[in-house]
1. Looking at (1) in a strand (DSSP E or B); (2) hydrophobic (A, V, I, L, M, F, W, C); (3) within 19 Å of the chain's Cα centre (by Cα), find the lone condition where L147 falls short.
2. Of all residues in the stretch 96-124, which are in a helix (DSSP H, G or I) and either touching a helix residue (DSSP H, G or I) at 6+ places or on another chain (Cβ under 9 Å) or aliphatic (A, V, I, L, M) (or both)?
3. Return the residues of the stretch 230-248 that are part of a helix (DSSP H, G or I) and free of Cβ contacts under 8 Å to residues at least 60 places away in the same chain; say none if nothing qualifies.
4. Out of curiosity, is L240 of a type in the set (A, V, I, L, M), farther than 23 Å from A411 by Cα, within 18 Å of the chain's Cα centre (by Cα) and surrounded by 19 or more Cβ atoms within 10 Å (Cβ to Cβ)?
5. Filter the stretch 345-361 down to residues that are surrounded by fewer than 18 Cβ atoms within 10 Å (Cβ to Cβ) and closer than 23 Å to T385 by Cβ, then give me how many there are.
6. Specify which of the listed residues (V183, V194) is hydrophobic (A, V, I, L, M, F, W, C), farther than 25 Å from V153 by Cα and surrounded by 15 or more Cβ atoms within 10 Å (Cβ to Cβ).
7. Test E39 against the criterion of being free of Cβ contacts under 8 Å to residues at least 40 places away in the same chain and open to solvent by 20 Å² or more (accessible area, probe 1.4 Å), and give yes or no.
8. Give the number of residues within the stretch 344-366 that are under 19 Å from R17 (Cβ atoms) and either part of a loop (DSSP other than H, G, I, E, B) or under 24 Å from the mean Cα position of the chain (by Cα) (or both).
Amino acid sequence: MKVLVIGGGAREHALCRSLSLDPDVTALHCAPGNAGIAEVAELHRVDALDGPAVAELAAELGAGLVVVGPEAPLVAGVADAVRARGIPVFGPSAEAARLEGSKAFAKDVMASANVPTARSYVCTTPDEIDEALDAFGPPYVVKDDGLAAGKGVVVTPDLAAAREHALACERVVIEEFLDGPEVSLFAVTDGETVVPLQPAQDFKRAYDADEGPNTGGMGAYSPLPWAEPKLVDEVRETVLQPTVDELRRRGTPFSGLLYAGLAITSRGVRVIEFNARFGDPETQVVLARLKTPLSGLLHAAATGSLATFPPLRWRDGAAVTVVIASHNYPGTPRTGDPIEGLADVAERDEYAYVLHAGTKLGESGEVLSAGGRVLSVTATGPDLTAARTRAYRALSRIRLADSHHRTDIAATAAAES
């Protein structure tokens, strides 16, 4: 089939890479894409938030499947516009994507479905904010109700900082702090059947040892050697399936990728948040391990036929990805800097590759930085130690002025496995 991927980050590069290796994909297109995606897909200019324009492009290309990568187009209803043209699309409707677009809506769904999550208050006034912060105490967890590109959450022991963030939001969710390690679990669903992928763990803080501000994610690894073997089945039964069932009951079935951000607390699994799309950077490591061809899986979800889809197959071993970020990310990142060493990785690293996030081609064809998170250096290996060694070795070949990256991605898990 012909496939069109919407988006231009490292998540979309990971999706395009997997689809480009899929023998069932006869032509691969991406809009708008980036400098790295251009190597595996034909790029097209389109406003990713313009549903009719995306649907028209898909029709012109004769796409048999459209994959909407980022959250903003999903919340804007791009998948609805494509479906209205009769084209199979992987991604939820605008109504169902509210699961990510509004944290208050997600909390309401979880309450109705008896999904375990943190106690919370939805606040719109300074008085409500002060009461909620006082009720929970430090560390304070303050979440912008709407989309914030992974940077709308503040977790801090500082009451003033928590209050400042809350007051800057039009509507805010303040909730109890959840102890324990965090896990990301993706599930592909057609609105009825739920097929979980393998869990991953990402690293949200900008600097080593979980210091610094929250980011969109600075690295990830999979599998999780410390996780209970029953974790995936437990989350499917207590979180994923009940949520999908509740949304269908409400008349807004969720078809696409349901992402559960989880805390493994002393009281059991709790949902931190839901996303309505593949996570970034977790997608980079999960797809690196997926052996089942991707197009068939996504097409089955888009056409309501997951119930008869064969069980997923996974590669042995592990995967690690490390994000290279621009100077001053996650503040106001510097862009336009040349990136060197990409060819060295391609030539010298058999088990590592680079996925582009914020890049563009310069006038002379050189690769330049064009965003906060610039590259995801991804590697596989027989275990986490080997995978992270290969990832950091490949990363050392890349040069981007004043960039920064974490040096401790998967370090603890590798040492303990």
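The values are calculated or read from the model by the stated rules, or taken from the named source; none is laboratory data. All values reported here derive from a predicted model rather than from experimental measurement. For neighbour counting, all protein chains shown are included, and Cβ atoms are generated from backbone atoms with ideal geometry for every residue, glycine included. Only protein heavy atoms, including side chains, enter the accessible area calculation; ligands, DNA and RNA are left aside. Shrake-Rupley method; radii C 1.70, N 1.55, O 1.52, S 1.80 Å.
1. (1)
2. The answer is R98, L99, E100, G101, A104, F105, A106, V109, M110, A111, S112, A113.
3. Once the filter is applied, which keeps residues that are part of a helix (DSSP H, G or I) and free of Cβ contacts under 8 Å to residues at least 60 places away in the same chain, the stretch 230-248 yields L231, V232, D233, E234, V235, R236, E237, L240, Q241, V244, R248.
4. yes
5. 2
6. V194
7. Against the criterion (free of Cβ contacts under 8 Å to residues at least 40 places away in the same chain and open to solvent by 20 Å² or more (accessible area, probe 1.4 Å)), E39 qualifies.
8. 12
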